[in-house]
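Quick notes on the structure that follows.
The values are calculated or read from the model by the stated rules, or taken from the named source; none is laboratory data. Quantities reported herein were computed from a predicted structural model and do not represent experimental measurements. No Cβ is skipped: glycine too gets one built from the backbone with ideal geometry, and neighbour counts run over all protein chains shown. We work out accessible area using only protein heavy atoms, side chains counted, and drop any ligands, DNA or RNA first. Shrake-Rupley method; radii C 1.70, N 1.55, O 1.52, S 1.80 Å.
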There are 2 protein chains.
Amino acid sequence: MAIDPRSHTPVYVQLADTLREQIEAGELAPGSALPSEARLTQEYGIGREAVRMSISLLRSEGLVTTVRGHGSYIRETPQRRQVEVPPGASVIARMPSGGERRSMQLDEGVPILEVRDPKGNVEVLPGDEVELTRPLSGRA
Amino acid sequence: MAIDPRSHTPVYVQLADTLREQIEAGELAPGSALPSEARLTQEYGIGREAVRMSISLLRSEGLVTTVRGHGSYIRETPQRRQVEVPPGASVIARMPSGGERRSMQLDEGVPILEVRDPKGNVEVLPGDEVELTRPLSGRA
DNA sequence: GTACATTTGTGCGTATGTATG
DNA sequence: TCATACATACGCACAAATGTA
């Protein structure tokens, strides 16, 4: 898909959409590198700022990670371990604060799951590694 | 907190931390506007790029939203409605794709919850409006 | 309607630092 | 050592959106 500078949607959103499509279509395989900033700048005839913002957007969606001095790579989602939601518990999803992200060593664009059990204990789980489950039979 | 350009932590991270503190402390109330880019540039004696990256960071954390030609605003989190996790279901948290984000009208930095019931039906819920629950008694 | 100020979006130039190969 | 590539940071300029007079 070509980029239209006169479109109402910002150029960097258009490029992010294009790259996202390619990633989801498998044209850009997990683990492989995105084209470099300079490459994308030339390829689509847009500014470096727009390219950087596109990649930043994809990072915030958890689709790519960027390695400084090396490039940006399509993220491979790790196996999710199953975690049971305790009876009487509640769960919310939210993005981590900067401190949480650093201490939990989360990539950008990875949400967290906050599980609060009836006693008020809160467990914070990395959203990309966890699948919550509720078993059919309601035993703890 | 003042910004130290010689610090090892990037200027834009320092500013984001400062603004985050002010937001979490309530000095910047939900619904109110952040200072403009120009204002922050002067206020903290840093460049516009650093200011914009700070705000971009806060957006990706779901703390603020930006309206072109208007400004950036502290997000007000809506009341979370309670949604019960069906017996036998599994839940994952992830960031929405661009299309999902637009069709569900989600702000940046808002994760989604994907609930898959035993029959394979998938429900996609906005992470900022939902609190998942598992009742104490295991009835559906 | 017009005009204007404000604010964010985009593009470009430059520079330094850091990491990899 | 050298080239490449990204990260950070500053500057300037203009475009586009918004709101108000």
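Run through the other copies and list how far each one's label point is from that of residue B:31, in nm with one decimal, shortest first; the point sits 7 Å from Cα along Cα-Cβ.
5.1
Taking only the C-alpha atoms, wrap a convex hull around the stretch B:1-62 and report its volume per residue in Å³ as a whole number.
Numbers: hull volume 5.0 nm³, N = 62.
Cα-based convex hull of the stretch B:1-62, divided per residue, equals 81 Å³.
Hey, got a sec? Which GluC sites (Glu not before Pro) in the stretch A:3-73 land in a DSSP loop and have at most 16 other Cβ atoms within 10 Å? Each step should come with its number before you reach the end.
On the way: sites: A:21, A:24, A:27, A:37, A:43, A:49, A:61; in loops: A:27, A:61.
Sparse-neighbourhood loop GluC sites (Glu not before Pro): A:27.
Any idea what the residue B:117 label distances to the other copies are, label 7 Å down the Cα→Cβ vector, nm, shortest first?
Here residue B:117 shows inter-copy label distances of 2.8 nm.
For residue B:94, list long-range residues whose amide hydrogen, built 1.01 Å from N in the peptide plane, is under 5 Å from its own amide hydrogen.
For residue B:94, whose amide H was placed from the backbone, the distant partners under 5 Å are B:112, B:114.
Mind checking A:56-63 for the average number of partner chain beta-carbons within 10 Å of each residue's beta-carbon?
Working: counts 4, 5, 2, 2, 8, 10, 4, 3.
Mean shielding count: 5.
Do me a favour and compute the ellipsoid semi-axes for the stretch B:86-125 from its Cα gyration tensor, root of five times each eigenvalue, largest one first, whole Å. If you can, show how the numbers build up before the last one.
Details: eigenvalues 98, 18, 8 Å².
They are 22, 9, 6 Å, listed from largest to smallest.
Counting only trypsin sites (Lys or Arg not before Pro) that sit in a DSSP loop (anything but H, G, I, E, B) with at most 10 other Cβ atoms within 10 Å, what is the longest stretch of chain A containing none of them? If you can, show how the numbers build up before the last one.
Values: sites that count: A:6, A:68, A:119, A:139.
The segment A:7-67 is the longest one with no such site.
Let me have the relative contact order for the stretch B:20-140, percent, based on Cα pairs under 8 Å that are six or more residues apart. If you can, show how the numbers build up before the last one.
Working: 169 pairs, mean separation 28.4, N = 121.
RCO, the stretch B:20-140: 23 percent.
Tell me, Kirkwood radius of the stretch A:58-140 from alpha-carbon pair distances, in Å?
On the way: mean 1/r = 0.0702 Å⁻¹.
Taking every pair of different Cα atoms in the stretch A:58-140, averaging 1/r and inverting gives 14.2 Å.
Calculate one ³J(HN,Hα) per residue across the stretch B:20-37 by plugging θ = phi - 60° into the Karplus curve 6.51 cos²θ - 1.76 cosθ + 1.60, and present them in order as whole Hz with x for glycine and proline.
In residue order, the calculated couplings are 4, 4, 5, 5, 5, 7, x, 5, 10, 6, x, x, 7, 8, 6, x, 5, 4 Hz.
For label points placed 7 Å from Cα toward Cβ, what is the shortest-first list of nm distances from residue A:69 to its copies?
So the label point of residue A:69 gives 4.4 nm to the other copies.
Which whole-Hz couplings ³J(HN,Hα) result when phi for each residue of the stretch A:110-120 is put into the Karplus expression 6.51 cos²θ - 1.76 cosθ + 1.60, θ = phi - 60°, listed in order with x for Gly and Pro?
10, x, 10, 10, 10, 9, 10, 8, x, 7, x
What average number of partner chain Cβ atoms lie no more than 10 Å from the Cβ of the residues making up A:124-134?
Values: counts 0, 1, 1, 7, 4, 1, 3, 6, 10, 7, 15.
The shielding value for this peptide is 5.
Under a 1.4 angstrom probe, counting protein chains only, how are A:8, A:70 ranked by accessible area, largest first? Write out the running numbers ahead of the final one.
Numbers: A:8 175, A:70 135 Å².
Result, largest first: A:8, A:70.
With the alpha-carbon atoms as the only input, what is the per residue convex hull volume for the stretch B:16-95 in Å³?
126 Å³
With springs only between Cα atoms under 10 Å, which of A:54, A:32, A:103 fluctuates most in a Gaussian network model of chain A?
Result: A:103 has the largest fluctuation of those listed.
Would you please calculate the Kirkwood hydrodynamic radius of the protein assembly as shown over all C-alpha pairs and express it in Å, rounded to one decimal? If you can, show how the numbers build up before the last one.
Values: mean 1/r = 0.0494 Å⁻¹.
Hydrodynamic radius (Kirkwood, Cα pairs) of the protein assembly as shown is 20.2 Å.
Which residues in the stretch B:70-110 have a backbone N closer than 19 Å to a point placed 7 Å from the Cα of residue B:25 along the Cα-to-Cβ line?
B:74-75
Using the reciprocal of the averaged 1/r over all distinct C-alpha pairs, how large is the Kirkwood radius of chain B in Å? Provide the component values of the computation, followed by the final result.
On the way: mean 1/r = 0.0581 Å⁻¹.
Averaging 1/r across every pair of different Cα atoms and inverting gives 17.2 Å.
Using each residue's phi in the stretch A:50-66, evaluate 6.51 cos²θ - 1.76 cosθ + 1.60 at θ = phi - 60° and report the 3J(HN,Hα) Karplus result to the nearest Hz, with x for Gly and Pro.
5, 4, 4, 5, 4, 5, 4, 5, 5, 4, 5, 8, x, 7, 9, 10, 10
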